[in-house]
Ligand code: 5RP
């Protein structure tokens, strides 16, 4: 195991390594984005170096593509392989029904496309990500078309959220798809993720939300006592 700098990172590494064991010979694998997913990508690369053969991997972001390419993982795309055997990614919050908030890394659109293209979606996390109700620890990220920033922000505020345009330094953060991210805080939490997701999707120009509902089949949580699996 490589140099982990704090307990949380050690737990993420445990989850990533356990998830890499789920990858089987010949699979098409979706690669998530973020620090926990990066541990998975590194563990997968190690298995490939040891002789595992996969058909290819599809990355959910430019950052993950670069990491995977540097590690020698064979890369492919959804045009060549429209269906993934397995998709493994992190999450910002995970509720007891395995509904998720994702997108702190800004890759939620591609992540949701890969999750929806996978036969099996497995989440890797540390215990800090498990919550009773979504929306209390992380704002909900939504990806929007830059042209519609102001009207969309107002419409989301009308749903009761505090809305902040995400920045990278002084400039707005730009996604891999050339869009903006709005981080939306719901002060009372999100009591009905499905209903909120539907209301957000009714806003024209809003491309995707970070609510992943009924998508994950399994969650692997690394922690002080090893690995726990929820499904
Ligand atoms: C990126 C994501 C990440 O999976 C999520 O933010 C978790 O990140 P980390 O594993 O670094 O805690 O959704 O868009």
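Observations on the structure shown:
- Residue ID - farthest from residue 15 (Cα to Cα), chosen from residues in region 130-142 that are within 12 Å of the ligand (Cβ to nearest atom) and surrounded by fewer than 24 Cβ atoms within 10 Å (Cβ to Cβ): 139
- Here residue 105 passes the criteria (1) in the same structural domain as residue 189 (by the TED database); (2) within 10 Å of the ligand (Cβ to nearest atom) except the one numbered (1).
- Qualifying positions in region 142-167 - in contact with a strand residue (DSSP E or B) (Cβ under 8 Å, 6 or more places away or on another chain), over 17 Å from residue 185 (Cβ atoms) and either without any contact (Cβ under 8 Å) to a residue 12 or more places away in the chain or in a loop (DSSP other than H, G, I, E, B) (or both): 145
- Residues in region 199-231 that are assigned to a helix (DSSP H, G or I) and closer than 16 Å to residue 109 by Cα: 200, 201.
- Remark: residue 18 matches the filter, which requires a residue to be touching a strand residue (DSSP E or B) at 6+ places or on another chain (Cβ under 6 Å) and either part of a loop (DSSP other than H, G, I, E, B) or more than 10 Å from the ligand (Cβ to nearest atom) (or both).
- Residue 85 vs. criteria assigned by the TED database to the domain that holds residue 219, farther than 30 Å from residue 229 by Cβ, at pLDDT 95 or above and more than 15 Å from the ligand (Cβ to nearest atom): no
- Residues within region 33-57 that are closer than 13 Å to residue 69 by Cα and near the ligand (Cβ under 9 Å from one of its atoms), tallied: 1
The values are calculated or read from the model by the stated rules, or taken from the named source; none is laboratory data. Everything numeric in this text was worked out from a predicted model, so none of it was measured. Heads up, the Cβs are rebuilt from the backbone with ideal geometry, glycines too, and the neighbour counts pull from every protein chain shown.
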